[in-house]
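Working notes, beginning with the structure itself.
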Amino acid sequence: MIFPALFFYLFAVLCVGSAFMVIAARNPVHSVLFLILAFVNASGLFLLMGAEFLAMILVVVYVGAVAVLFLFVVMMLDVDFAELKQGFLQYLPVGALVAAILLAELMMVGGAWVINPAVVKAVVAPIPGNVTNTEALGLVLYTRYIHYFQLAGIVLLVAMIGAIVLTLRHKPNIKRQSIPDQVARTKATAMEVRKVASGQGLKETAQ
């Protein structure tokens with residue numbers, strides 16, 4: 001029993017420490033690397049709980065796709081983080097309120113578990129013993145919690161659209177192709193005839 005406890009404390013401490021460094025690191029690339037470390041340690045905690053499917057999903061999907069995508073986006077895009085942080089103070093009260101609500105919820109959950117440990121077991125659905133961990137998770141997720149699963153998908157879709165809208169920037173002084181304008185061109189708008197005297201050039205540069 002001592003080895004599972006040691007691994008639990010090791011993974012837990014590394015996960016919490018790396019999660020703190022995600023928001024404390026000044027370099028965004030370092031933040032993404034600490035995020036990957038947090039995901040790996042969280043997958044280790046899932047393995048200790050016997051949820052090997054969730055552990056593999058966390059490594060394959062989040063570490064292998066999402067976190068690496070964040071890393072490439074941060075490294076490849078020329079993002080001005082100083083400009084993004086200019087409006088930080090005006091959103092600080094809202095962020096503090098959300099953080100206080102989340103902290104209160106965590107304290108309520110932790111207090112209920114300390115006062116009555118049986119509360120945690122009371123809300124857990126019974127898992128059949130003749131199915132695998134992956135099949136049991138699918139049975140619970142797509143039957144009892146199907147509406148919450150669909151709602152989470154809608155929230156993620158809205159968040160993805162919002163992220164695209166917020167990060168989409170049109171740079172000035174860039175010529176862009178306009179298909180309707182090209183189709184609607186006529187001989188009068190496409191060509192211009194100028195009379196140039198002998199030995200003289202155009203005084204105006206064609207636009």
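Within the stretch 11-68, track down each residue that is closer than 28 Å to L139 by Cβ, free of Cβ contacts under 8 Å to residues at least 24 places away in the same chain and not hydrophobic (A, V, I, L, M, F, W, C).
Within the stretch 11-68, S43, Y62, G64 meet the criteria.
So, in the stretch 12-24, of the ones that are at pLDDT 90 or above and more than 10 Å from A38 (Cβ to Cβ), which residue ends up surrounded by the fewest Cβ atoms within 10 Å (Cβ to Cβ)?
Once the filter is applied, the top-ranked residue is V13.
Of the conditions (1) assigned to a helix (DSSP H, G or I); (2) closer than 21 Å to M75 by Cα; (3) open to solvent by 70 Å² or more (accessible area, probe 1.4 Å), V32 clears all except one; give me its number.
(3)
Which of the residues belonging to the stretch 39-53 are closer than 20 Å to V13 by Cα and not aromatic (F, W, Y)?
Pass one, the stretch 39-53, residues closer than 20 Å to V13 by Cα: 39-51.
Selection gives V40, N41, A42, S43, G44, L45, L47, L48, M49, G50, A51.
Name the single residue that is modelled with the lowest pLDDT among those in the stretch 59-104 being open to solvent by 100 Å² or more (accessible area, probe 1.4 Å) and charged (D, E, K, R).
Applying the filter and picking the extreme gives D78.
Considering only residues that are open to solvent by less than 100 Å² (accessible area, probe 1.4 Å) and among the β-branched types (V, I, T), look in the stretch 166-188 and name the one that is farthest from V73 (Cα to Cα).
Checking each candidate, the answer is T186.
From N41, N27, grab the single residue that is polar (S, T, N, Q) and either under 17 Å from the mean Cα position of the chain (by Cα) or modelled with pLDDT under 90 (or both).
None of the other options fit; the residue is N27.
The values are calculated or read from the model by the stated rules, or taken from the named source; none is laboratory data. Quantities reported herein were computed from a predicted structural model and do not represent experimental measurements. All Cβ positions, glycine included, derive from the backbone under ideal geometry; neighbour counts span all protein chains shown. Ligands, DNA and RNA are stripped out before the accessible areas are found, and what is left, the full protein with its side chains, is counted by its heavy atoms. Shrake-Rupley method; radii C 1.70, N 1.55, O 1.52, S 1.80 Å.
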